[in-house]
Amino acid sequence: MGEQEGEGTSFEYTPTRVVAAVCTVMVCASLAIERFLHYAGKKLTKDGRKPLFQALQKVKEELMLLGFISLLLSVCQSRIVTICVDEDIMKHFLPCALPDDKDHPNILRHLLENTESPVGICAQKGNKVPLLSTEALHHLHIFIFVLAIVHVTFSVLTVIFGGAKIRQWKKWEISIKEDESDSSKAAEPEFTNVRDHDFITKRFMGLGKRSEALGWLRSFAKQFYGSVTEPDYCALRLGFIMTHCRGNRKFNFHKYMMRALEDDFRKVVGISWYLWIFVIIFLLLNIDGWHTYFWIAFIPFMLLLAVGTKLEHVIIQLAHEVAERHIAIEGELVVKPSDEHFWFHRPKIVRHFIHFILFQNAFEISFFFWILVQFGPHSCIMGKLIYIIPRLIIGAFVQVMCSYSTLPLYALVTQMGSNFKKSMFDEHVQAGLISWAQKAKKKNALTSTTTKRQDGSGSSDGDGGGGGPRDSGPDAELHGIHIATDSQQGT
């Protein structure tokens, strides 16, 4: 009594102690996660780590989106499983080949005879089957949840390990400031042969225009060992300071770089709409015999190598420009940052590539463990062992390489664009600039309204005498703000 064949016992006939126990466990787990995120946010706010706090808020948004997806699937489940379609439609574009009916006669007969099940309901309408079964809907629900959690976790681990690598460069920053403050070294600047400079020697090494291919090969190999050296850091740091803050030679470039990385992490940790589109395309192409799951693993691998090679080549280009332009220099060697060295002249494209690489790699790992847990190691979707091992090796390689090489390269080299990021300013300075811009906009709007009223009343004197100064004041303020806040964060 109270049971539906194939569906199990309903809520009406389930012991209350079981219901209460399950609810207690779920509520406690949810509250524990919520409290952990809350205290983590308070800690980040107290430490002044606003970008990381915003990244945490982004994680909460993703969890809220997952909760809504779960709710939507649960509410619509009873409707979806009763949508019936022709059986022939469901025999194509399958992840696994259909087994012969003779291999599963009892299961098929049981489903067709159970008129209260979705299969039985559709069978009464003729040669029909459910569009999506309850079990398949449940598996899809779990996969989306696992994918989001793994992506957030992998992104956090990448930034933690990458940040640890970048923090090792702090000793170079300290060493540079000690050298600059050493009064004994404040002597007359001397002429130096450019080719004898460590940065040029290790990066340029006589490469000319005819050796472009050799430069790319060297860039490809360099990302695997010593991707950033002390001469690289010193040269790029000085180039940034002389371009963007020439009057402040004591500018803490390392601190700025860490703030910029934290700010970018806030954008990387989320799952953007185009990433969800990629998931849908993969689910569409995951057809039996195509081995899509195997071939798609090479996308983040190849893209990661391309990004690392490009970032290394930017450093070589900077060294090449100096070596081609000068034979000897007086004083320090200064490189010239420029957007021209990056893809489509936009350094921030690299961040989008890294975002996609991290998501794609998380997708590969989450899909593997989801198949392993849900269907077992011998599932047809999992494939043969010859396909499984390369996927796992590639996934581990991408994660380690992105953490210890590509991300530190990105943090340093993308500062070599034509503009600097808003992380140049401390939090209170950013807030002050934004407040100033808002006040200037209000003042400009008020001035424009006053001018229109004067025009309507026929006051030609007001137009001729006051138009110039009125326009130049607020517009000048707004123009200065745009330079300091908007256009300067082009990277």
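The values are calculated or read from the model by the stated rules, or taken from the named source; none is laboratory data. Everything numeric here is computed off the predicted structure, so don't read it as measured data. Using ideal geometry, Cβ is built from the backbone for each residue, glycine included, and neighbour counts are taken over all protein chains shown.
Evaluate the following for LEU131: is it buried (at least 19 other Cβ atoms within 10 Å of the Cβ) and more than 25 Å from MET257 (Cα to Cα)?
Criteria not met by LEU131.
Per-residue answers, yes or no, for (1) in a helix (DSSP H, G or I); (2) under 17 Å from the mean Cα position of the chain (by Cα):
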position: CYS28; (1), (2): yes, no
position: LEU31; (1), (2): yes, no
position: TYR39; (1), (2): yes, no
position: LYS42; (1), (2): yes, no
position: THR45; (1), (2): yes, no
position: GLY48; (1), (2): no, no
position: GLN54; (1), (2): yes, yes
position: LYS58; (1), (2): yes, yes
position: GLU61; (1), (2): yes, yes
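Only one of SER184, SER219, SER227 is at pLDDT 75 or above and either exposed (fewer than 13 other Cβ atoms within 10 Å of the Cβ) or assigned to a loop (DSSP other than H, G, I, E, B) (or both). Can you tell me which?
SER227
Can you tell which of ILE394, ILE389, ILE381, ILE365 is among the aliphatic types (A, V, I, L, M) and closer than 17 Å to ASP288 by Cα? Working first, answer last.
Working: ILE394 fails: closer than 17 Å to ASP288 by Cα; ILE389 fails: closer than 17 Å to ASP288 by Cα; ILE365 fails: closer than 17 Å to ASP288 by Cα.
Of ILE394, ILE389, ILE381, ILE365, the one residue that is among the aliphatic types (A, V, I, L, M) and closer than 17 Å to ASP288 by Cα is ILE381.
From LEU261, LEU285, LEU275, LEU238, grab the single residue that is within 21 Å of the chain's Cα centre (by Cα) and either among the aromatic types (Phe, Trp, Tyr) or surrounded by fewer than 20 Cβ atoms within 10 Å (Cβ to Cβ) (or both). Spell out the reasoning first.
Numbers: LEU261 fails: either among the aromatic types (Phe, Trp, Tyr) or surrounded by fewer than 20 Cβ atoms within 10 Å (Cβ to Cβ) (or both); LEU285 fails: within 21 Å of the chain's Cα centre (by Cα); LEU238 fails: within 21 Å of the chain's Cα centre (by Cα).
So the residue among LEU261, LEU285, LEU275, LEU238 that is within 21 Å of the chain's Cα centre (by Cα) and either among the aromatic types (Phe, Trp, Tyr) or surrounded by fewer than 20 Cβ atoms within 10 Å (Cβ to Cβ) (or both) is LEU275.
Residues that are buried (at least 21 other Cβ atoms within 10 Å of the Cβ), modelled with pLDDT of 90 or more and touching an Asp or Glu at 6+ places or on another chain (Cβ under 8 Å): which helices (runs of 4 or more DSSP H) entirely in the range 317-432 hold 2 or more of them?
407-413
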